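The structure under discussion appears below in the form of structure tokens.
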Amino acid sequence: MTAPATVSGRPAESRLLALAGNPNCGKTTLFNALTGLRHRVGNYAGVTVERREGRLRNSDITVLDLPGAYSLGARSPDEEIARDVLLGYFPPLPQMVLVVVDASNLERNLYLVSQVMDLGIPVILCLNMMDVAASAGLQIDVDGLQRELGIPVVPCVASRGEGLARLVELAGAELPPPPTRRWKLPEREERAATTLASTLQSDGSSEARTALFKALTLLCEDNADERLLKGLTPQALAAVRTSRTELGESLSEIDSVVIESRYAWIQDVCDRVCRQGEIPITWSDRIDRVATHRIGGFLVFFALMALMFQAIFTWAQTPAGWIETGQGWLGEFATARLPDGDLKSLVVDGVIAGVGGVIVFMPQILFFFFFIGLLEDSGYMARAAFVMDRVMSRVGLHGKSFIPLLSSFACAIPGILATRTIEERRDRMVTILVAPLMSCSARLPVYTVLIAGFIPQERVLGVFSLPGLVLVSMYLLGLVAALGMASVFKKFVFKGDTPLFLMELPPYKLPSVKTVALQTWERSSEFLQRAGTVILAINILLWATMRFPGDATQHSSERLRNSIAGHAGRILEPVIQPFGMDWKVAIGILGSFAAREVFVSTMATVYNVEEDDEDKQSVSVRVQMQSEKDPNTGAPRFTALSAVALMVFYVLALQCASTVATVRRETGSWRWAAFQWVYMFVLAWCAATGVYQLGRAVGLS
């Protein structure tokens, strides 16, 4: 019986395997297939870049999913993180790297492979999307490619599970030797790079395995990353200056020589191992004739968005009704068995009504993320970015800004983090400042309760439902507002030319139901976790502020009015009265600063606390808002007009403390975070007031 392979004295099963690759190469699909549900999401220490890692199936090997990168040149924060992990700046250092490449774009993908091979870490190459390459008439000699690179090469179709068993086997086997560098520079540049690498190694500025990579980086970059510079001795810094002087070229010229030398070698490899047959006109090409058309592309995009939101609103009604019924039964159960008093109020009003009022919207959240996952996994999202680039460029935004903005439909925080792919700081700052204007999933409960309660179920043109169209209009309002404010910022705050947008369009493919389901559950489970932790804690705190101080002999409505929350709401009431809101809604707005969806649970708590124990009925917040009356006129407090005005406010206001904190970390300043909150609040107040007052002026209600 052979002894298990070891890594630095540890069993092979305990090793760290890093997963690297270009965007759109199927890396996420492969990661999900390799780890299944055995993965977790966090952040790298000291930064807000997402860190995804999990356990390789049937082993204890940890798989670390690195951010997508076209190169290790670190021209964006995501690429910087990928490079720094592989250099060991974020310990522990991976013992092996699995590089995923798109087989149908082998030449471009091998550039990153060549850089990873320079780092002196054992490498496995996953030749993914072999089916796409075959459909494009491309034949790849896998054995020949393995000989040319000197590393294991595994053909794979991750979406169908083909090749996974071999990858798992190699990941758990004895570590192969680190690859040797196969590409060469022209003689003068090669001599300068190897001399500098030798100096870095001899004076302790670099390990032997990374010395050449660091030398090339220092020769090519004017302002090399501070992590590289920080570890250099005075002797090494002098050697860098000497090498640059001896070459007598500008840094851009040296950089070009390095890039051209890599690609010359890559071209030679591809010429040896690839054979291109007749290029067929694929069904992807046929679809793109419409999906990327100057006019048809917009029609397809908006039709898909309309279909998605119509389906979300319609299909989610039945399961949402089941949850609402269950919440009502649980409230009645607790009401009947708990004695009157603060404990009963806390359980029924603060916990069941508050948290239940948010969980009831879980079906809408699930449907939303499922549709987004289908669009991402099918390859359509890249087309959406291509189509929207025409609009983005007119307001001065980079086409890459569309993906962060689209991510912000789910949550502004990952959308803001996604701006790291934008190289130009001006464009990145503008995108950060407007990303929260996109309607995130946390706003969906607010929209849903107001639409379900006050927008009539009518058909428009005999096809579309009015509630669905109102929901779509809220999302479009956020998009239009984001583009408008981006135009303002580019003209007056972050002036500069819009850079050229280049983007690869991956081929369409049938989405993997398993992958989409995993992503849907991963994203939606965060909503449930927040409901069971943050929202629960907030509602208990809000319940206390609505209950105390108070006189138990007073009617509950009077007690609420005189509570801490009641006083705060009445202070804010004059600010929101212009768009038809009262002090009770003000309590909801204040509470929702922690998280937007807390507005729904806060309003549920407000109306439940307001009722005396003997009058309590377990009804949804939607029904409670429908029955709310103006104490002065006896007319309904909420109407379709006031509901729309409130939705407009929530579209444009930055009611999210987590987003504010993320903006501060990404921009490095509370000044920008405060500016963003103020401008969005002013925009929201003006728009909501304008909608309400104009509506009243023309006789709407």
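The values are calculated or read from the model by the stated rules, or taken from the named source; none is laboratory data. For clarity, every value in this text was computed on a predicted model and none was experimentally measured. When we count neighbours, we look across all protein chains shown, and the Cβ atoms used for this are built from the backbone with ideal geometry, even at glycine.
Quick notes
- Top-ranked residue of region 121-159 - restricted to ones that are without any contact (Cβ under 8 Å) to a residue 40 or more places away in the chain and among the charged types (D, E, K, R), ranked as surrounded by the fewest Cβ atoms within 10 Å (Cβ to Cβ): 143
- Applying a threshold of 7 Å to beta carbon distances and a minimum spacing of six or more residues, or different chains, the list of pairs starting in region 14-33 at a residue that is in the same structural domain as residue 88 (by TED's automatic domain parsing) and among the hydroxyl-bearing types (Ser, Thr, Tyr) and ending at one that is crowded, with 24+ Cβ neighbours inside 10 Å and at pLDDT 85 or above reads 29/158.
- If you go through region 157-193 and keep only what is farther than 23 Å from residue 56 by Cα and assigned to a loop (DSSP other than H, G, I, E, B), you end up with 179, 180, 181, 182, 183, 184, 185, 186.
- Any chance residue 131 is within 30 Å of residue 277 (Cα to Cα), over 34 Å from the mean Cα position of the chain (by Cα) and among the acidic types (Asp, Glu): no
- Residue match in region 421-436 (condition: at pLDDT 85 or above and among the hydroxyl-bearing types (Ser, Thr, Tyr)): yes
- Pair list, Cβ under 6 Å, 6 or more apart: region 622-635 residue within 15 Å of residue 588 (Cα to Cα), other residue among the aromatic types (Phe, Trp, Tyr): 624/607; 625/638
- Residue match in region 237-246 (condition: surrounded by 13 or more Cβ atoms within 10 Å (Cβ to Cβ) and either within 30 Å of residue 402 (Cα to Cα) or touching an Asp or Glu at 6+ places or on another chain (Cβ under 7 Å) (or both)): no
- Of all the residues in region 437-464, those that are within 24 Å of residue 323 (Cα to Cα) and of a type in the set (Lys, Arg) number 1.
- Of the residues making up region 572-601, those that are assigned to a helix (DSSP H, G or I) and touching a helix residue (DSSP H, G or I) at 6+ places or on another chain (Cβ under 8 Å) number 19.
- Residue match in region 406-428 (condition: touching a residue at least 60 places away in the same chain (Cβ under 8 Å), in a helix (DSSP H, G or I) and over 14 Å from the mean Cα position of the chain (by Cα)): yes
- Selection from region 127-152 of residues that are in contact with a helix residue (DSSP H, G or I) (Cβ under 6 Å, 6 or more places away or on another chain) and under 29 Å from residue 206 (Cα atoms): 148, 152
- Candidates 132, 154: the one that is in a strand (DSSP E or B) and of a type in the set (Val, Ile, Thr) is 154.
- All positions within region 527-581 that are surrounded by 16 or more Cβ atoms within 10 Å (Cβ to Cβ), within 25 Å of residue 648 (Cβ to Cβ) and modelled with pLDDT of 70 or more: 538, 542, 565, 568, 569, 570, 572, 573, 576, 579, 580, 581
- Residue within region 93-103 that is farther than 18 Å from residue 18 by Cβ, in a helix (DSSP H, G or I), small (Gly, Ala, Ser) and modelled with pLDDT under 90 present: no
- Single residue of 151, 140 found to be among the aliphatic types (A, V, I, L, M), closer than 13 Å to residue 102 by Cβ and more than 31 Å from the chain's Cα centre (by Cα): 140
- Counting only strands (runs of 3 or more DSSP E) that sit wholly inside region 3-85, those with at least 1 residues that are modelled with pLDDT of 85 or more, at negative phi and over 19 Å from the mean Cα position of the chain (by Cα) are 16-21, 50-55, 62-65.
- Hits in region 160-179 (condition: without any contact (Cβ under 8 Å) to a residue 60 or more places away in the chain and aliphatic (A, V, I, L, M)): 165, 170
- Leading residue by the ranking (surrounded by the fewest Cβ atoms within 10 Å (Cβ to Cβ)) among those in region 618-648 that are of a type in the set (Gly, Ala, Ser) and not in a loop (DSSP other than H, G, I, E, B): 627
- Among the candidates 403, 455, 451, residue that is among the aliphatic types (A, V, I, L, M), within 21 Å of the chain's Cα centre (by Cα) and outside the structural domain of residue 51 (by TED's automatic domain parsing): 403
- Looking across 684, 604, 661, one residue alone is at pLDDT 90 or above and part of a helix (DSSP H, G or I). It is 684.
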